[in-house]
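See structure below.
No value in this document is a laboratory result; all are computed from the given coordinates. Here the structure is a predicted model, which is why all the values come from computation and not from measurement. Backbone-built Cβ (ideal geometry, glycine too); neighbour counts: all protein chains shown.
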Amino acid sequence: MTDNNDKKSHQQRSFINAEIQQKLQQLLTDLQLDDAPAGGSLVVYQAGNCIAKASVGMAQADKPWQSDTLSINFSTGKGVLATLVHVLVSNGLLDYDKPIADYWAAFANNGKADITLRAVLSHQANLFALNSIDADSETFLDWEAMLAKVAAMPITEPDNASAYDSSYSALVYGWIVGGLIEAVTDMSLADALQRYLTEPLGIADSCYFGVPDNKVDEVAKLVKDFETSKADSGQLRSKRHKPTLKPDSEQTLATYASLPSYQRWQQLASTDSNLESANERLSANKINRLYFDHAAINASNYRAALVPANKQPIDYHDKLTMQAVIPAANGVASAQALARVYALLANGGTWQGQTLIDAATFAQLATPQVSGRDAVMPAHMNWRLGYHRLFSIGDNTDAESGFGHMGYNGSVAWCDPTRQLSFAFVHNFDVTMLNDIRQFALTEALLAYIDDTL
């Protein structure tokens, strides 16, 4: 009888997973909107098993998106970097509450002698001001030069400091954490990442900070670059392309209205004074504002964290930039790889019988460290140790235990340990996290689908 019940349960689970797969594929297809041929890929794990994959559009002119397509994911890579740190803590190589300068002596300069790893991971160290570092865009590609500059940088209080509890370190964070990892492992960041995290997870060929020569041409491109010739490789482009801002078409507005989370969005937006009526159709901008308080952006702090002192922009899609090591911003990985990193976290630090993060360390990394306003991000981020809260406002979900990290372009990877669930979404849509809704629509839908099966 037990065998029959187990077989029936397995069949039911397989049917449910197939249904979730079908729903997510249709949703991702719908969310291509007017941006074809651009597209993306998502991957979902639950209890250590991949339960859904979906892809749409083209990653390059002759390459359709797949779950193993490499993509530049901006700050989504911060979650990978943090996870590597937690593995090192579990191995006794790092301590959250020990001063970073105890491992990296040069870091003590300019009053930083007592700053701990915990403070940096939770963005409470006031080391967010990129514009306090004298470096141009070419220097940002020089790993050793940037480590020296970050070690010497000063602490900077944010504008209107008393109003905030954290200051998101959008770029500086990566050099600090990456430099610390190299100091304690006596390895390059790439080698440490492979040895301690990506190799044990089986994703060493699909998750990088600094893309190898033989992989750089495989990374998804923006559509505007589909026809860029290989003759241009090796030439540092001087101007960063700004994402295209365009109004939502009638078809796009209709697609939003058909999304599973739309009724909840409409309910929350009906109290917004910017809506002309409760029945007004919601644009991407109005939906996005349900997650980010655009009016709360402190322009001074935002610029300090993201704009170099010389205001020379960085083109992250340039090949030279992708091959450099800028861990807070140029993480390259596939949806499959990111979902597996978070599957490790969704299962409390274990993967296929391996314990990479012990229980005591996991309890610390998953605990919110700060819950107040952030000086750079226009939201309550509820920073854990290297991750922010799971952004969900669904009416049938309780995602308080979830955490992850999104990127500037609206890519995202997260886990929810209570559901043993992990999710990753990467793409080449020409958008930002502040003007797009795809990550939110996909997250809300997945949580609703999973909860409906419980």
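The calculated FRET efficiency for the pair Thr453 and Ala152, based on their C-beta separation and a Förster distance of 41 Å, comes to about 0.15.
Compared with the alpha-carbon gap, the fully stretched path from Ser9 to Asp136 is longer by 39.9 nm at 0.36 nm per residue. Taken about its Cα centre, the range 328-454 carries a charge dipole of roughly 340 debye when the Cβ of each Lys and Arg holds +1 and the Cβ of each Asp and Glu holds -1. Among the listed pairs Lys112/Lys215; Lys63/Lys311; Lys224/Lys311; Lys78/Lys98, which have their C-alpha atoms separated by more than 27 angstrom in this model? In this structure, Lys112/Lys215; Lys63/Lys311 lie more than 27 Å apart at Cα. Treating r as the C-beta distance of Lys224 and Ser249 and R0 as 25 Å, the FRET efficiency rounds to 0.80.
Simple point charges give the picture: +1 on the Cβ of Lys and Arg, -1 on the Cβ of Asp and Glu, and for the range 292-400 a dipole about the Cα centre of about 320 debye.
Taking the alpha carbon gyration tensor of the range 331-394, multiplying each eigenvalue by 5 and rooting it gives semi-axes of 24, 16, 10 Å, largest first.
The share of C-alpha pairs in the chain whose separation exceeds 36 Å stands at 24 percent.
In the chain, a dipole from Cβ-located charges (positive for Lys and Arg, negative for Asp and Glu) runs towards its positive end, and of Ile176, Ile203, Leu27 it is Leu27 whose Cα lies farthest in that direction. For the range 405-445, the residues whose amide N sits under 12 Å from a probe point set 7 Å from the Cα of Ala47 along the beta carbon direction are 419-421.
Among Ile357, Ile181, Ile51, sorting on how many other beta-carbon atoms sit within 10 Å of each Cβ, with the fewest leading, yields Ile51, Ile181, Ile357. The calculated FRET efficiency for the pair Met187 and Asp95, based on their C-beta separation and a Förster distance of 22 Å, comes to about 0.70. Each label was represented as a point 7 Å from its Cα along the Cα-to-Cβ direction; for Gln25 and Asn285 these points are 3.7 nm apart. For the range 1-126, the dipole from Cβ point charges (+1 on Lys and Arg, -1 on Asp and Glu) about the Cα centre works out to 180 debye, to the nearest 20.
Fewest-first ordering of Thr185, Thr443, Thr355, Thr271 by other beta carbons within 10 Å of each residue's beta carbon gives Thr271, Thr355, Thr185, Thr443. Computed over the chain, the per-residue total of -39500 (n - 2.57) for DSSP H runs of n ≥ 4 gives a 222 nm mean residue ellipticity of -9500 deg cm²/dmol, rounded to 500.
Sorting Glu157, Glu227 from the fewest to the most surrounding beta carbons within 10 angstrom yields Glu227, Glu157. Summing Lys and Arg as +1 and Asp and Glu as -1 over all other residues whose Cβ lies under 12 Å from the Cβ of Tyr103 gives a net charge of -3.
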